[in-house]
Amino acid sequence: VMGSPQQSSTDGFEPTWATNFLAPFLTTELLAASRNAHSSPPLRVVNVGSRLEKRSKLTADMLGLVASPVAELQKPANGIRASAYSDSKRALMLWIAARCKALANGHATHVHASTPGMVDTQLGRYSMPAALWPLTKPVRWLLFRSPAEGALAAVAAGLVDGADRAVGQYMDAEVVLETLPETRADQAGLAAALVAWANQACKL
């Protein structure tokens with residue numbers, strides 16, 4: 001979800017965060033909790049990332065704002081709504097970096113991330129007046145991947161040889177872009193704060 005006009009999720013969270021981070025976090029953690037280290041075969045989970053997470057300005061102080069009243073979210077001073085997409089995708093990466101080894105070793109659940117690239121979906125429909133969105137179709141058709149190609153990128157990341165042995169790989173289809181526990185090691189403090197917040201937010 002990007003730029004949703006919805007004011008909040010059912011549980012009161014900023015809707016982009018609820019969809020892009022809290023939902024996959026909770027689903028994956030609960031799924032892993034039902035398994036043990038000896039579960040066979042190992043489970044492979046691929047969450048959808050985005051290269052736009054590089055634009056994120058996420059800090060630990062911002063986490064409390066995700067469940068703030070809408071009036072607070074819309075204040076220009078914090079800008080949580082404006083950066084929600086990139087911040088929620090950064091959060092996804094940091095959670096995987098922080099938890100992937102424990103999930104693999106303790107629950108035989110190998111968690112990865114995949115970027116689908118620029119895909120011709122409805123993601124950008126709230127970024128412009130509704131009447132203009134259909135006019136962008138020719139450009140999207142020429143420059144973007146089809147929805148099937150975007151979906152195949154995630155499938156490939158889960159089916160590539162070694163996906164049930166490696167942990168925390170960030171991929172574009174079969175190409176490894178990062179090994180998240182290594183490349184995001186300098187953000188370990190923020191990742192720990194994020195995981196603690198997400199556990200509390202989801203009542204785990």
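The values are calculated or read from the model by the stated rules, or taken from the named source; none is laboratory data. Model, not experiment: these values are computed from the prediction. Cβ sites come from the backbone with ideal geometry, for glycine too, and all protein chains shown count toward neighbours. For accessibility, only protein heavy atoms count, side chains too; no ligands or nucleic acids. Shrake-Rupley method; radii C 1.70, N 1.55, O 1.52, S 1.80 Å.
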Item checked: Percent RCO, i.e. relative contact order, over region 112-204, from Cα pairs under 8 Å lying at least 6 residues apart -> 33
Next item on the list: Lys and Arg at +1, Asp and Glu at -1: add these up for the other residues within a Cβ distance under 14 Å of Ala192 and post the number.
Entry: +2
Item checked: Helix-only CD estimate at 222 nm, as mean residue ellipticity for the chain, using -39500 (n - 2.57) per DSSP H run (n ≥ 4) -> -11500 deg cm²/dmol
Check: Roughly how many percent of the accessible protein surface of region 86-168 is carbon and sulfur, given a 1.4 Å probe and a whole-percent answer?
Finding: 66
Item checked: Geometric extent, Cα atoms of region 3-67 - Rg, Dmax (angstrom) -> 15.0, 44
Notebook entry, point to check: Does region 78-117 classify as rounded, prolate or oblate by the C-alpha gyration tensor (a ≥ b ≥ c root eigenvalues; a/c under 1.5 gives rounded; else a/b over b/c gives prolate, otherwise oblate)?
Noted result: oblate
Notebook entry, point to check: What does the highest-first list of 86-93, 167-174, 130-137, 145-152 look like by mean Cβ count within 10 Å?
Noted result: 86-93, 167-174, 145-152, 130-137
Next item on the list: Compute the relative contact order of the chain as a whole-number percentage, counting only Cα pairs closer than 8 Å that sit 6 or more residues apart in sequence.
Entry: 27
Checklist line | Enclosed volume per residue, in Å³, of the convex hull spanned by Cα atoms of region 93-204 | finding: 140
Item checked: Accessible area per residue in Å² at 1.4 Å probe, computed on region 120-204 -> 60
Check: When the Kirkwood radius is taken over all Cα pairs of the chain, what Stokes-Einstein diffusion coefficient follows at 25 °C and 0.890 mPa s, in µm²/s?
Finding: 138
Notebook entry, point to check: Restricting the count to DSSP beta bridges whose residues both fall in the chain, what percent are antiparallel, rounded to a multiple of 5?
Noted result: 30
